1. Please give me, ordered by residue number, the trypsin sites (Lys or Arg not before Pro) of the stretch B:130-221 that lie in loop per DSSP and have at most 14 other Cβ atoms within 10 Å.
2. Could you check the spin-label model distance between B:ASP137 and A:GLN122? Points 7 Å from the Cα along Cα→Cβ, value in nm.
3. State, as an integer percentage, the relative contact order of the stretch B:258-420 based on alpha-carbon contacts under 8 Å between residues 6 or more apart.
4. Under a crude label model (7 Å from the Cα following the beta-carbon direction), how far is B:ARG214 from B:GLU314 in nanometres?
5. May I ask for the angle, rounded to the nearest 10°, between helix A:181-203 and the longest principal axis of chain A, with both axes built from Cα atoms and the value confined to 0 to 90°?
6. According to the square roots a ≥ b ≥ c of the eigenvalues of the Cα gyration tensor, what is the shape class of the stretch B:210-321, taking rounded for a/c under 1.5, prolate for a/b larger than b/c otherwise, and oblate for the remainder?
7. The stretch B:495-539 to the stretch B:1-49: how many Å between their Cα centroids?
8. How do B:LEU225, A:LEU211, B:LEU484, B:LEU513 line up, fewest other C-beta atoms within 10 Å first?
Amino acid sequence: MNQETEASLQSSKIIEEIYPLFKKFGDLLRERGYNSASSGNISTKRGSKMYITRRGSMKGALELSDIIETSLDNVDTGIVLASTETYIHRNILLQTPALATMHCHPPNTVALSMYYTEVLCQDNIIPIDVEGHYILKNIPIITLEKPTGSKEMEEKIPEALKNYNIMILRGHGVFARGTNLEEAYNWITVCEEAAIIIFKCLQLGMDIKSLQGQYSRW
Amino acid sequence: MMDSMNGWHGQLYRVDLSGHSFKREDIPHYVLERYLGGRGLGAKYLKDEVHPSTDPFDKGNKIIYATGPITGTSIPTSGRFSVTSKSPLTGTIFDCNAGGTFGPALKSCGIDAVILEGKAPEPLFLKITPDAVEFHDAVDAWGKTIPGTTRYLKEHHGKKVKVSCIGPAGENRVMFANIMNDYHHALGRGGLGAIMGSKQLKAIMVDAGERDQRKQAGVADPDMLKVVIKEINKRINASPVTGKGMRLFGTAQLVNLINSMGLFPIRNFQSATDPRADNLSGETIREEIMVSKTACYACSIACGRMTRTSTGREGKGPEYESDWALGADCGIFDLEAVTEANYDCNEMGLDTISCGATIACAMELNQDGRLPDEWSEIRFGNANALQEAIHKIVSKTGIGADLAMGSRRLASKFGAPGVAMQVKGLEIPAYDPRGAFGMALAYATSNRGACHLRAYTVGAELLGLPKMFNRFSFSDKPDLVVTLQNMNAFFDSLVACKFTGMGVPDDYYARALSAVLGSEVSVTDAEIIGERVYNLERHYNAMIGFTREDDTLPPRFSEPLVEGPSAGKIPPLALMLDMYYGIRNWDVHGIPTTEKLKELGISAGEI
Ligand code: SF4
């Protein structure tokens, strides 16, 4: 068998293992209403390759052909088909301990990130519920001049994830990293739940600051 | 990244055993920043100072004791220290770390490390204090067991001294002799005790003096450290593994679990599940022989078990690996026999894993009719033969002389190298790699030979920590193994106990280190430090001559198991290895590229 055939066989074996996982988490993101028909993206690292959802693919109805293989360290034609946010994913996978990343638009988190006050959402969201405290503690928020497809995103988002598992792009969505997709997905759900609880407590007129604990330095 | 000396003293003792002299020496700040301490610091000094061609028993080999930047703080499980040298069993660079109280005492002497050089002309004890290294005659104590030596030193030098010593196995240079400290804690693997024996160094004791004389390294941000410690403890308590299983059943909590999943090796890995496994389980230990729990310094997990058998003997263990190696691997399911064999190993200073696995290898050689008559008692399931074999190994008499070489040399001598369940000469521990493909790659690529602790994929593949991975998938394992190897090298350089990883996310320890040092070390920085340590070790091994050929598994694992939940599976090692080398940026022979070494700031030596 020549090298090329061997490599393509290996790729199809890898995609065979990855597809059910992408499908599962794409479906879950849709069920939870974290994405519009084709927003968000999912990626994972396998050796020197990255596997990422196709640009414009419907994350809630992924097909095998929606998984694109592209090199992690070289530019190849895979990027023509891959998500517009491929470079952000690639940098997260290269610059942090992430083995999987997920991006989506959980509505409560996005809304809360735009509620910019002295107490809330300047540079971070500090969950006030027990699970949010326990698991996430402090979620950084970054504000960008151009919050889609910009060079600035490719640099700042991975930077924010160097010491955190999830970060928020103000008014846009979240990026999460994990050892696998399940872990990244978990951070997203905990983050969104924490945002919902903050909203509810705000509605009840509660003093959010006093509930934040000591996590501002986390 | 770091700009203060919080966390370290920045000094070491360099001890010349041949000339009975010592000096205090500065450790360059950049070395501490890059390698932290423990395993990392040991690897750095060994690579710089011990030529790769040095015979492990030559006086040119060195032994490096090292603590880390969190040793002696109240960070959970931070009481560990490590020892690094060139192993006689594997011929590779080799480090071990141990708990107990020896590490914090060593650091309280105002040093971060001790480098032992040369060879003492007569048996020797070292006494380390904040002011000096003393040399004491050990002729009278030569031949004493671990508890005997420890008691002897406490009687002669005061109860407060902390002791790290070898037993008769180390003196006799058994290839898998260990170093023990605080009576029960083992620097278990790789024959480090034999190197100490070859230098005629019986023990190192530490006397850090009264409380007000002890020297503590600084902590930059005690308030933040308090917050992080509280969160680490919350995690430890909440995790079913560290908060419940370990506390109730010790590490042997895994026996029934691993057996039920079909990767608990039986009779030298000839099968991987047995209904009698429960005789050795954590539950049975708790019911039948456990006396109390025991913990290392600053640890609330308390995975240690103090036990007593019906003969009235008492000791520590068995832990999961020892329980398996001296038990199921030898086809022995008699808990008392296994426990007493474990006590013997601990008292004589033997690595329980390599000891049990080497005996198991001999049992299979015997089963296949490859051994002469004097081996006739070495049969699977023969508990009576176990203790006798251990004593013969220690004294290297009769069959013991062959067993004392370890399984690789033993099986080769009797013409069946494939019967030795080892990688790079180190005996494989208690997980059949056919039942967890990540473990297959982890064993094959470990820098110190088959080791479960370099990348404990069991957490992800079997326990769902942090999240469950499919244990029979291959494509996700190379990345997982690289990440775990790097992070564990970071942990071993802190030095913290890797069992915390079953409850506490990695970034918590990076945050604890940041609070100690006063400058941010992100979890990403932590992984890079670990990667540097891993590559340095690999580079040193490459200079010795290790290549892809050594990143392999015994041929048995190319055949599937025939029964049990792991039946029919074979880990695709070659495929995973290619991917693994790609991630590491090593060449096709498994050697770190110059570009990689440069990126990590490692000065390249000759290969
Ligand atoms: S978990 Fe066990 S081995 Fe680790 S530090 Fe605690 S008692 Fe020691």
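All of the numbers you see were taken from the coordinates with simple rules; none came from a lab. Keep in mind that what you see is a predicted model, and the values were worked out from it rather than measured. Cβ: placed from backbone, ideal geometry, glycine included. Neighbour counts: every protein chain shown.
1. Values: sites: B:LYS144, B:ARG151, B:LYS154, B:LYS159, B:LYS160, B:LYS162, B:ARG173, B:ARG189, B:LYS199, B:LYS202, B:ARG211, B:ARG214, B:LYS215; in loops: B:LYS144, B:LYS159, B:LYS160, B:ARG173, B:ARG189, B:LYS199, B:ARG214.
Qualifying residues, ordered by number: B:LYS159, B:LYS160.
2. 7.2
3. Values: 261 pairs, mean separation 28.4, N = 163.
17 percent.
4. Roughly 2.5 nm, to one decimal.
5. 20
6. Working: a/c = 2.78, a/b = 1.81, b/c = 1.54.
Prolate, because a/c is 1.5 or more and a/b exceeds b/c.
7. One Cα centre to the other: 18 Å.
8. Values: B:LEU225 21, A:LEU211 15, B:LEU484 24, B:LEU513 29.
The order, fewest Cβ neighbours first, is A:LEU211, B:LEU225, B:LEU484, B:LEU513.
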